[in-house]
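Please read the structure below before turning to the comments.
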Amino acid sequence: MSRAPTARPTAPGTGSGTAPGTGSGTGSGTADARAPRGLLPVLLTATFMTALDVFVVNVAIPSLQSDLGAGPAAVQWVVAGFGLAFAAGLITAGRLGDRHGRRRLFGLGLALFTLASAACGLAPTAGALVAARVAQGLAAALMGPQVLAILRTAYSGAAQARAFAMYGLTMGLGAVFGQLIGGVLIRADLFGLDWRSCFLLNLPVGLTALALVRRSLPESRAPHRPGLDPVGVALVTVALTGLVLPLIQGPGAGWPLWTWLCLGGATALLALFALHQHRSGPAGRSPLVDTRLFDIRRSAGRSFTTGLLVQLTFSLGQGSFFLVLALYLQPGRGLDALGAGLVFTAIGLGYLATSTAAHRVAARLGRQAIALGGLLMAAGLGLLGLAVHATGTTGSVWWLAPGLFVDGLGMGLVIAPVTSVVLAGVEPRLAGSAAGLVATVQQVAGALGVALIGILSYAADDPVSAFGRSLVALAVLELLLAGLVQLLPRRTR
């Protein structure tokens with residue numbers, strides 16, 4: 001989740017047990033042959049809805065401010081409430097899926113997300129809208145880990161690679177085109193709904209997907225019904241809330257004392273959570289996060305641990321890039337939401353060109369496909385920097401298009417392969433726990449990246465300088481990404 005200041009826009013095996021589709025299995029090497037035909041459309045529909053709602057709300061800010069009389073704090077929480085609830089609930093949601101069934105939790109999350117979307121679209125006051133956005137974030141947290149876990153357990157081999165490629169494509173499209181879709185909806189003003197259509201659009205889509213859940217998704221869960229670990233749930237929820245909240249609020253508020261106290265307390269609680277998880281396994285209890293995932297003595301453990309670091313590095317840059325680009329195009333260049341959304345299509349075209357073939361490139365190049373993506377993104381950011389330096393705030397914004405296109409090419413080679421690499425060696429019985437961790441890293445790193453890039457942006461004298469400094473920092477991150485990839489195993493299962 002990326003943070004946006006007030007009225008500013010923000011910028012994605014093998015195993016034992018019964019085969020999916022039989023009611024309680026954990027997946028098998030031939031699971032993909034029996035995966036229902038509608039599985040991917042249902043999962044990807046929910047994924048797109050979640051990714052879209054992270055970004056589309058920012059386009060609606062000016063309209064909802066006027067309509068609801070929302071003040072700066074309320075508008076900030078319309079954006080932040082979703083991301084905070086989303087990040088704080090992911091790890092717990094992953095365990096709930098392992099325990100109670102991933103299809104069941106996905107369906108519950110989809111139903112609640114659709115209901116919360118209706119509450120957002122019909123909100124009579126700013127306070128009601130904030131509450132509905134928090135509910136949306138919690139519902140999205142219920143869905144997110146289940147999507148990754150079901151993909152991991154329902155498919156294997158080449159079919160699994162294709163499924164993760166489609167997942168990455170969907171995530172990227174929601175992020176890249178979210179602002180454009182929101183701008184089109186508000187400009188069209190369907191039935192006089194104005195900003196409300198950005199949320200109410202989820203109703204027919206969500207209800208249709210919900211009707212297909214039982215028919216299209218195999219049920220899967222961990223074979224021995226792991227415990228919930230209430231102490232772990234409490235520790236990680238409070239710790240992630242204390243970590244993400246100041247990252248969202250701190251840059252715009254000038255980093256007051258409470259933000260630093262929250263960060264310090266969250267760090268201590270995360271350390272306590274890690275210690276609790278480490279001790280729970282040997283003591284015979286069921287830890288919320290199985291520490292065997294990080295056993296670097298095993299190839300799967302090295303792949304998962306290093307893959308999480310690669311995912312963290314990528315997510316640090318991704319959310320913040322969309323933020324600084326949107327700020328440059330709108331407050332900096334004076335474009336409206338629709339105009340800025342049209343510029344974003346240059347990224348989308350590059351992303352489409354590579355994301356649909358990313359699994360084939362990864363099958364041929366292995367880990368170097370991700371490194372190539374990082375290098376392409378760094379090159380695209382370099383081209384952007386040259387274009388910004390040449391045009392300033394007066395030249396045509398379409399001089400940015402080549403750099404944005406190259407950056408999109410790199411994105412397409414990273415998003416799906418990274419997720420696939422992180423989860424490739426995870427045992428199906430640990431899929432929910434691992435998926436919750438992956439999604440949490442994505443959200444927390446996105447918030448951290450926005451906060452760090454925000455420091456550079458706020459220190460600059462003008463939008464051009466702010467964007468230029470940010471591009472340098474982001475290019476360094478992409479080069480670091482390409483270097484970290486070299487620590488991954490040469491091939492993953």
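Read-outs throughout are calculated quantities, based only on the coordinates presented, and are distinct from any laboratory measurement. None of the values given here were measured: they were computed from a predicted structure. Positions of Cβ are generated from backbone atoms using ideal geometry, with glycine treated the same way; all protein chains shown enter the neighbour counts.
The charge dipole of the range 37-213, taken about the Cα centre with unit charges on the Cβ atoms of Lys, Arg (+1) and Asp, Glu (-1), comes to about 700 debye, rounded to the nearest 20. Each residue of the range 37-213 gets 103 Å³ once the volume of the Cα convex hull is shared out per residue. Taking a Cβ cut-off of under 11 Å around GLY97, the surrounding Lys, Arg, Asp and Glu residues balance to a net charge of +4, with basic ones at +1 and acidic ones at -1. In order along the range 92-103, phi translates into HN-Hα couplings of 4, 5, x, 5, 4, x, 4, 7, 9, x, 6, 5 Hz, rounded to whole numbers, per the Karplus curve 6.51 cos²θ - 1.76 cosθ + 1.60 with θ = phi - 60° and x for Gly and Pro. Computed 3J(HN,Hα) for the range 119-127, one whole-Hz value per residue from the Karplus formula 6.51 cos²θ - 1.76 cosθ + 1.60 where θ = phi - 60°, is 5, 4, x, 9, 4, x, 9, 5, x, glycine and proline marked x. Give, as a single signed number, the net charge of other residues whose beta carbon lies under 13 Å from the beta carbon of MET377, with Lys and Arg counted +1 and Asp and Glu -1. That sum, taken over residues with Cβ under 13 Å, equals -2.
Between beta-carbons, use under 11 Å as the cut-off and find the net charge around ALA435, counting Lys and Arg +1, Asp and Glu -1. With Lys, Arg at +1 and Asp, Glu at -1, the net is +2.
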